[in-house]
Amino acid sequence: MESLLVSTGVVALAEIGDKTQLLAFILAARFKKPVPIILGILVATIVNHGLAGALGAWITAMLTPEVLRWVLGLSFVGMAIWTLIPDKIEEEETRIAGKFGVFGATLVTFFLAEMGDKTQIATVAMAAHYATPLLVVIGTTLGMLIADVPAVFVGDRLANRIPMKLVHSIAAGIFALLGVATLLGAGAKLGF
């Protein structure tokens with residue numbers, strides 16, 4: 001249960017102000033059709049984070065417990081630093097929309113925007129850390145929806161009222177705590 005709750009909370013916080021949340025704002029403003037946008041976000045996130053969770057499980061199986069502890073600990077610390085750097089959306093990620101309709105555009109642009117994004121990397125690390133990739137993927141998907149669905153419905157009005165630095169600092173703090181705890185051996189009972 002811890003893996004589900006931590007994954008949900010960390011990704012929901014990390015996603016605020018992230019480029020995929022900005023993409024949700026842009027798609028909502030452009031198309032004004034929330035249901036296909038939300039469904040596109042859901043499917044893209046399940047596929048993307050499912051692959052990330054599988055990679056995390058594979059990493060757990062391939063690395064020795066000592067190496068895994070260092071890789072995960074340093075990954076979480078790196079995520080803490082990366083979370084403090086604001087994202088910007090690339091214009092070409094929104095141009096795909098004209099060819100695939102609202103659902104297809106959201107699916108493709110969200111999937112591509114998530115490739116190598118901090119929430120995808122966090123999914124890999126948490127899946128390896130908790131060794132419960134399915135619960136982590138469910139949690140990270142819920143976290144994405146918690147952050148992005150309101151963006152679809154309220155757009156820029158909400159973004160202007162959220163203290164982004166505070167939210168990013170909290171998410172960075174959680175990643176840093178996970179990193180330090182992992183480096184200190186907090187996962188020893190789990191085999192790493």
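The values are calculated or read from the model by the stated rules, or taken from the named source; none is laboratory data. Owing to the predicted nature of the structure, the values given are computational and were not obtained by experimental measurement. So basically every Cβ, Gly included, is an ideal-geometry build from the backbone, and we count neighbours across all protein chains shown. Accessible surface areas use protein heavy atoms only, side chains included; no ligands, DNA or RNA. Shrake-Rupley method; radii C 1.70, N 1.55, O 1.52, S 1.80 Å.
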With (1) over 17 Å from Ala176 (Cα atoms); (2) over 14 Å from the mean Cα position of the chain (by Cα); (3) open to solvent by less than 30 Å² (accessible area, probe 1.4 Å) as the list, and Leu72 as the residue in question, which single condition is left unmet?
-> (1)
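Could you identify the single residue in Thr60, Thr20, Thr8 that is of a type in the set (S, T, N, Q), crowded, with 17+ Cβ neighbours inside 10 Å, touching a residue at least 12 places away in the same chain (Cβ under 8 Å) and closer than 20 Å to Phe100 by Cα? Full working, then the answer.
Numbers: Thr60 fails: closer than 20 Å to Phe100 by Cα; Thr8 fails: closer than 20 Å to Phe100 by Cα.
Criteria check complete, one pass: Thr20.
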Looking for whichever is at pLDDT 85 or above and open to solvent by 60 Å² or more (accessible area, probe 1.4 Å) here; the options are Leu142, Leu107. Which one fits?
-> Leu142
Output yes when any residue across segment 166-176 is buried (at least 21 other Cβ atoms within 10 Å of the Cβ), outside any helix (DSSP H, G or I) and either modelled with pLDDT under 70 or out of contact with any strand residue (DSSP E or B) (no Cβ under 9 Å at 6 or more places or on another chain) (or both), and no when none is.
-> no
Could you list, in sequence order, the residues of segment 67-84 that are in contact with a Phe, Trp or Tyr (Cβ under 8 Å, 6 or more places away or on another chain) and not β-branched (Val, Ile, Thr)?
-> Leu68, Arg69, Leu72, Phe76, Met79, Ala80
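If you scan segment 43-56, which residues turn out to be touching a Phe, Trp or Tyr at 6+ places or on another chain (Cβ under 9 Å) and open to solvent by 40 Å² or more (accessible area, probe 1.4 Å)?
Val43, Val47
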